[in-house]
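The values are calculated or read from the model by the stated rules, or taken from the named source; none is laboratory data. Quantities reported herein were computed from a predicted structural model and do not represent experimental measurements. Every residue, glycine as well, gets a Cβ built from its backbone with ideal geometry; the counts of neighbours run over all protein chains shown. To get the accessible areas, we keep the full protein, side chains included, count just its heavy atoms, and leave off ligands, DNA and RNA. Shrake-Rupley method; radii C 1.70, N 1.55, O 1.52, S 1.80 Å.
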Amino acid sequence: MKPIRVIGAGLAGCEAAWQAARLGVPVILSEMKPKRFSPAHRYPGFAELVCSNSLRSAQLSNAVGLLKEEMRRLGSLVITSADLTRVPAGAALAVDREKFSDLITKMIAEEPLITVCEEEIAKIPEDGVTVVATGPLTDGDLATSISALFGGDQLSFFDAVAPIVDAESVDTSIAYFASRYGKGDPTDYLNCPMDREQYDAFYQALLHAETAELHDFDKEAQSEPNVFEGCMPVEVMAKRGYDTLRYGPMKPIGLPDPKTGREPFAVVQLRRENVAGTMYNLVGFQTHLTYPEQKRVFGLIPGLANAVYFRYGVMHRNTYINSPSRLSAQYETLFRPGLFFAGQMTGVEGYVESAASGFVAGVSAALRARGEEPVDFPSSTVIGSLGHYVSTGGLGKFQPMNASFGLIAPLDKKVKGGKRARNDEYANRSLCEIDQLRSRIFGQP
Ligand SMILES: Cc1cc2nc3c(=O)[nH]c(=O)nc-3n(C[C@H](O)[C@H](O)[C@H](O)COP(=O)(O)OP(=O)(O)OC[C@H]3O[C@@H](n4cnc5c(N)ncnc54)[C@H](O)[C@@H]3O)c2cc1C
């Protein structure tokens, strides 16, 4: 059988190569390290964790915890290696990053069906089955080749995302549904009203909040005038003057509070993020604040005191494809069967999510190479829901997303006992599906 090509031995590429080999398909895995390192990579081994050593929650009541359990049951290389190199981290799965990378590098090197090539790939191969998994810092000729493949403007190089919260965690005894001047569907926006005193407290907290440290390559990307003026961090806007936010993203005009009939002093608008209305984003609140500071400062916004964040705001260099309608839920390009993308560059966000997309792309590429059709990973599982999100997108501009219960297919029955019980039900449903999927793909009970 002709080998498939996997480009990039990061989290997604290693997982994809491993799964393809597991299905009996030979793989050529190309990795540019140690000849060339991206600005974030330092370690010569594969599957390098470029920042935190945490793979986040290990609990099934959390979407990324459930995703890990799904992958563990499916036989993921990344999760099995993480379990074997784990370090104590409370409710999270954290690893010794060097042992983790060394173990994965060794497993790949010892797998007879995988041939590793130390080479930088400059162009997407024109034929054969290929998985491109070169990560969010893909640049140079390969980025140009990918951009050309998708028609020029379908590759983003920068990600400015406002926080996304669980709709259920917004206090609707304070926040109210309304579109500006009553135009459009009122459920498109939830509005958090502030009086002058509340605005003052919020404004002061925002001015003095702690921001995350920027990498040089992020600074460089953001020094572009178009990027900076087009998506200025909310805390930078605040520093331009007391009223700047009230004339910008916190403009109250046309949004009277139904309780008073008057326009508040300022308003934070939350925009519906998905059709189901389970996720809302804070409009215009892209930010560099650290995650704990986002929770603290945005918690001062009336209605958001107990907000649960599906995703915190970020602004960083991030090369990703505008995937909806271009990739399938198995991460295969719709216009060229056999060409797959995987990892953060497809619009999933995070270590585990990147590995998860590598899992699906690797299995699907192997099936293609064997002349079979890729299998569907259902959206009732977290792993499947990510592929479905990437292939269809939410409302508005496509933005990378972490695993979240907001992406998973809703339950078809009401569950008593609150959020915890509902998340347990999501986990039970998903893990049943995963057990069946494992037998279907790998023939193991
Ligand atoms: C600075 C930074 C910090 C991050 N921190 C976190 C975090 O703390 N937690 C988290 O969950 N997520 C984090 N992420 C997001 C994301 O989870 C990681 O980027 C993750 O490593 C993505 O996995 P990947 O497999 O898609 O890409 P990568 O892990 O980046 O792997 C890509 C691989 O492809 C290789 N490569 C690139 N171009 C070529 C080429 N042309 N030819 C051959 N090989 C090539 C690279 O050397 C690399 O080994 C961070 C991202 C960045 C950029």
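Give, to the nearest whole percent, the P(r) tail of region 164-312 beyond 19 angstrom, counting all Cα pairs. Of all Cα-Cα pairs in region 164-312, 52 percent lie more than 19 Å apart. The heavy atoms of Arg420 present about 150 square angstrom of accessible area, all protein chains included, probe 1.4 Å.
Among beta bridges identified by DSSP and lying wholly in the chain, the antiparallel ones come to about 65 percent. Only helical runs count toward this figure. For the chain, summing -39,500 (n - 2.57) over DSSP H runs of n ≥ 4 and dividing by all residues gives -10500 deg cm²/dmol at 222 nm.
Listed highest first by mean packing, meaning other Cβ atoms within 10 Å per residue, what order do 270-278, 432-440 come in?
Result, highest mean first: 270-278, 432-440.
In degrees between 0 and 90, to the nearest 10, how far off the longest principal axis of the chain does helix 11-22 point, with axes built from Cα atoms? Compared with the principal axis, the helix lies near 40 degrees. The angle between the Cα long axis of helix 351-369 and the main principal axis of the chain comes to about 40°, on a 0 to 90 degree scale.
Subtract the Cα-Cα distance of Leu431 and Thr80 from 0.36 nm times their separation in residues, and report this length gain in nm to one decimal.
Working: separation 351, 0.36 × 351 = 126.36 nm, distance 1.71 nm.
That pair, Leu431 and Thr80, stretches by 124.7 nm at full extension.
Roughly how many Å is it from the Cα centre of region 369-445 to that of region 54-81, as a whole number? Centre-to-centre distance over Cα atoms comes out at 13 Å. The value given for region 1-99 is a Kirkwood hydrodynamic radius of 14.6 Å, derived from the mean inverse Cα-Cα separation. Legend: calculated FRET efficiency, Asp195 to Tyr291, from the Cβ-Cβ distance at R0 = 25 Å, rounded to 0.05, equals 0.35.
Counting protein heavy atoms only, the chain has 53 percent of its accessible area on carbon and sulfur, 1.4 angstrom probe.
Charge tally for Gly254 (other residues, Cβ to Cβ under 13 Å; Lys, Arg +1; Asp, Glu -1): +2. For Arg56, the residues whose modelled amide H falls within less than 5 Å of its own, excluding neighbours fewer than 5 places apart on the same chain, are Leu93. Take every Cα-Cα pair in region 123-170 and report what % of them are more than 14 Å apart. When all Cα pairs of region 123-170 are counted, 64 percent exceed 14 Å.
Relative to the longest principal axis of the Cα atoms of the chain, the long axis of helix 418-442 makes an angle of roughly 20 degrees. Using a probe of 1.4 angstrom and keeping all protein chains present, the accessible surface of region 164-312 works out to 49 square angstrom per residue. Legend: residue pairs Lys99/Lys295; Lys33/Lys123; Lys251/Lys295; Lys35/Lys397; Lys183/Lys416, Cα-Cα distance threshold 25 Å; pairs beyond threshold, Lys99/Lys295; Lys35/Lys397; Lys183/Lys416.
For the chain, a simple Cβ point-charge model (Lys and Arg +1, Asp and Glu -1, everything else neutral) yields a dipole of about 820 debye relative to the Cα centre.
Note that the chain shows a convex hull volume over its alpha carbon atoms of 147 Å³ per residue. His316 contributes an accessible area of around 40 Å² to the protein surface, as traced by a 1.4 Å probe with all chains present.
The radius of gyration of the Cα set in region 250-348, together with its Dmax, comes out at 18.4, 59 angstrom.
Evaluated at 10 °C with a viscosity of 1.306 mPa s, what Stokes-Einstein diffusion coefficient in µm²/s does region 43-179 have when Rh comes from the Kirkwood expression over alpha-carbon pairs?
85 µm²/s
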